[in-house]
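Have a look at the structure below before the remarks.
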There are 2 protein chains.
Amino acid sequence: MFYQPGIAQGVLHLDPSESRHCIKVLRKGVGEKIHIVDGTGGFYQAEITNDDPKQCTFKILGADQSTKRNYYVHIAIAPTKNMDRLEWFIEKATEIGVDEVSLVICQNSERRTLKTDRLEKKAIAAMKQCLKAELPEINPALDFKRFIQNVKASHKYIAYVDSENPKTLYGILPPASHSCILIGPEGDFSKEELLSANEQGWTKVSLGPNRLRTETAGLVACHISNLVNS
Amino acid sequence: MFYQPGIAQGVLHLDPSESRHCIKVLRKGVGEKIHIVDGTGGFYQAEITNDDPKQCTFKILGADQSTKRNYYVHIAIAPTKNMDRLEWFIEKATEIGVDEVSLVICQNSERRTLKTDRLEKKAIAAMKQCLKAELPEINPALDFKRFIQNVKASHKYIAYVDSENPKTLYGILPPASHSCILIGPEGDFSKEELLSANEQGWTKVSLGPNRLRTETAGLVACHISNLVNS
C-alpha cells in the first residue's frame with residue numbers, strides 16, 4: 001500500500017520516496033496495479049503508467065472513501081524526554097484511532113523543541129500497517145498557554161490525578177463528541193498551568209487508578225475515547 | 001524504590017544487583033531509610049543495617065499491603081518477531097495493570113523460543129516506575145495446544161476478528177472475573193487453532209474495529225479488562 005496525499009485534487013504521481021520504494025524496491029512496472037491511500041480517507045486502486053523511480057505516475061481504476069466517524073479524538077501531549085516514547089505513542093494512537101495530535105510544551109517539560117517529521121513518518125507507517133486511509137494531523141509544538149487558549153473542541157479535558165478529583169475520563173466523556181485531552185510531562189503540570197486551564201474551561205479528569213508514564217497516559221486517553229464510541 | 005521478593009518469608013537483604021544499585025550507585029549507608037516492594041503487594045519502609053554492595057541487609061520499620069483487586073487479568077500473547085515490541089507490551093501492561101502474562105507459540109509464530117528474563121526486568125522497572133508493589137507473573141513460552149488445555153480462568157477469550165464475530169471483549173467481559181485473553185501472532189491464528197480453542201471453551205471476541213499489531217492488541221485487551229472494573 002502506498003501513501004500519496006492530494007489524489008482527489010488531481011495528484012497522479014507518487015512522491016520521490018514512495019516512487020523509489022514502488023519501482024526500485026518492489027520492482028513494479030508499467031501496467032501493474034497498486035493500492036494507494038491519501039491520508040484523508042480515500043482508498044484508490046491504480047495502474048502504473050510511468051515507472052520512473054523518481055516520479056512514478058499512475059491512473060485511477062477505482063476509488064473508495066472510508067466512513068467518517070461521528071466523533072473526533074484530539075490528544076495533546078507534552079513531548080517525552082526520550083523521543084522513542086513519543087514515536088511509540090504516535091504509532092499506537094494511529095493504530096487505535098486518533099484524528100489530531102498536538103505537542104504541548106509545559107513548564108516542567110524537559111524537552112522544549114522537537115521536529116515533527118519523524119513523527120509523521122511513524123504515523124504514515126502505522127496507517128499503512130493497519131490498512132487505514134486516515135492520517136492523524138500532527139501539529140507543531142506549542143507553548144502551554146498559547147495552546148490552551150486556541151484549541152477548538154467542544155469537550156476539553158486535562159489529565160491530572162489528585163484526591164479531590166474523582167472524575168474519570170471514562171465516566172464523563174460523552175460519545176459522538178469532539179474532544180481534546182491534554183496529557184502532562186514527566187514532572188506533571190504546574191499548579192499555575194492547572195489553574196489557567198481551569199479558567200479556560202478545561203475539566204480535570206483522571207485516567208484511572210494507576211500512575212502512568214506520559215506516553216501510556218496518552219494512549220490510554222486515546223483508547224478510552226474510542227471505546228466510549230464503540 | 002527497591003525490589004526484593006520474600007520479605008514476608010524472612011528475606012532481609014537485597015539481591016546483588018539491587019544491593020549494588022543501592023550502595024554503589026545511590027551511595028546509601030548504614031542507618032539510611034529505603035523503600036522496598038516485594039512484588040506481591042507488600043510495601044516496606046526499611047533501614048540499612050549493613051551497606052555491603054554485594055548483600056545490603058536491612059531491618060523493617062513499617063509495612064503496608066496494597067488492596068487486592070477483585071478481578072484477575074491474564075493476557076496470553078504470541079511472542080512478536082521483534083523482541084522490543086514484546087518488551088514494550090510488558091512495560092505498558094504492568095503500568096496499566098496485569099496479573100499474569102503467558103507466552104504462547106502458535107502455528108504462525110515466527111518466533112518459537114524466547115527467554116523471559118529480559119521481560120521480567122522490564123516488568124520490575126515498570127512496577128517501580130509506577131510505584132506499584134505487584135509484579136505480574138510471566139510464564140515461560142508454551143505451545144498453543146498445551147496452553148489452551150491447561151489454563152485456569154473462569155472466562156477465556158480468543159481475540160479474532162471476522163465478519164461472523166460481532167462480540168466485542170468490551171461488550172461481554174464481566175467485571176470482577178478471572179479472565180484470560182489470548183492474542184495471536186502477526187500471521188493470526190490458524191483455522192485449526194481457532195477450532196480447537198472453541199472446542200476447549202474459548203470464546204471468540206473482537207477488540208474493536210481496527211486492525212492492530214499483536215502487542216497493541218495485547219495492551220488494548222489489558223486496558224479493557226481494567227476499564228470494565230473501574
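The values are calculated or read from the model by the stated rules, or taken from the named source; none is laboratory data. In this text the structure is predicted, and so the values were computed from the model without any measurement. Neighbour counts are summed over all protein chains in view; Cβ atoms, including those assigned to glycine, are modelled from backbone coordinates with ideal geometry. These accessible areas exclude ligands, DNA and RNA; they are computed on the full protein's heavy atoms, side chains included. Shrake-Rupley method; radii C 1.70, N 1.55, O 1.52, S 1.80 Å.
For the stretch A:140-176, the set of residues classified as under 18 Å from the mean Cα position of the chain (by Cα) and among the hydroxyl-bearing types (Ser, Thr, Tyr) consists of A:TYR157 only.
Of all residues in the stretch A:116-145, those being without any contact (Cβ under 8 Å) to a residue 24 or more places away in the chain and in contact with a strand residue (DSSP E or B) (Cβ under 9 Å, 6 or more places away or on another chain) number 1. Among the residues of the stretch A:147-185, those that are more than 14 Å from every other protein chain (Cβ to nearest Cβ), crowded, with 16+ Cβ neighbours inside 10 Å and in a loop (DSSP other than H, G, I, E, B) comprise A:VAL151, A:ALA153, A:TYR160, A:SER177, A:GLY184, A:PRO185. State whether one or more residues within the stretch B:28-49 are free of Cβ contacts under 8 Å to residues at least 12 places away in the same chain and open to solvent by 80 Å² or more (accessible area, probe 1.4 Å). Within the stretch B:28-49 (the criterion being free of Cβ contacts under 8 Å to residues at least 12 places away in the same chain and open to solvent by 80 Å² or more (accessible area, probe 1.4 Å)), the answer is no, since none of the residues qualifies. Please count how many residues of the stretch B:178-202 are touching a helix residue (DSSP H, G or I) at 6+ places or on another chain (Cβ under 8 Å) and farther than 29 Å from A:VAL98 by Cβ. Going through the stretch B:178-202 one residue at a time, the tally reaches 5. Number of residues in the stretch A:170-198 that are modelled with pLDDT under 95 and of a type in the set (Asp, Glu) equals 2. Exactly one residue out of A:ARG213, A:ARG146 is assigned by TED's automatic domain parsing to the domain that holds A:SER102 and in contact with a Cys (Cβ under 9 Å, 6 or more places away or on another chain), and it is A:ARG213. Out of everything in the stretch A:99-129 that is among the acidic types (Asp, Glu) and outside any strand (DSSP E or B), what residue ends up being modelled with the lowest pLDDT? Once the filter is applied, the top-ranked residue is A:GLU110. Note on the stretch B:187-230: residues that are more than 8 Å from every other protein chain (Cβ to nearest Cβ) and assigned to a helix (DSSP H, G or I) amount to 16.
Annotation note: Cβ proximity below 6 Å between a residue of the stretch B:182-210 that is of a type in the set (A, V, I, L, M, F, W, C) and a residue that is part of a loop (DSSP other than H, G, I, E, B) (sequence gap 6+ or interchain) occurs for B:VAL205/B:LYS167. Any residue in the stretch A:47-64 that is out of contact with any Asp or Glu (no Cβ under 6 Å at 6 or more places or on another chain), closer than 30 Å to A:LEU142 by Cα and modelled with pLDDT of 95 or more? Scanning the stretch A:47-64, I find no residue that is out of contact with any Asp or Glu (no Cβ under 6 Å at 6 or more places or on another chain), closer than 30 Å to A:LEU142 by Cα and modelled with pLDDT of 95 or more, so the answer is no. Selection of the stretch A:1-12 for residues being open to solvent by less than 60 Å² (accessible area, probe 1.4 Å) and either closer than 21 Å to A:LYS121 by Cα or in contact with a His (Cβ under 6 Å, 6 or more places away or on another chain) (or both) yields A:PHE2, A:TYR3, A:GLN4, A:PRO5, A:GLY6, A:ILE7, A:VAL11. Taking first residues from the stretch A:80-100 that are more than 10 Å from chain B (Cβ to nearest Cβ) and open to solvent by 10 Å² or more (accessible area, probe 1.4 Å) and partners that are hydroxyl-bearing (Ser, Thr, Tyr) and not in a helix (DSSP H, G or I), the Cβ contacts under 8 Å between residues at least 6 apart in sequence or on separate chains come to A:ASP99/A:TYR72; A:GLU100/A:TYR72.
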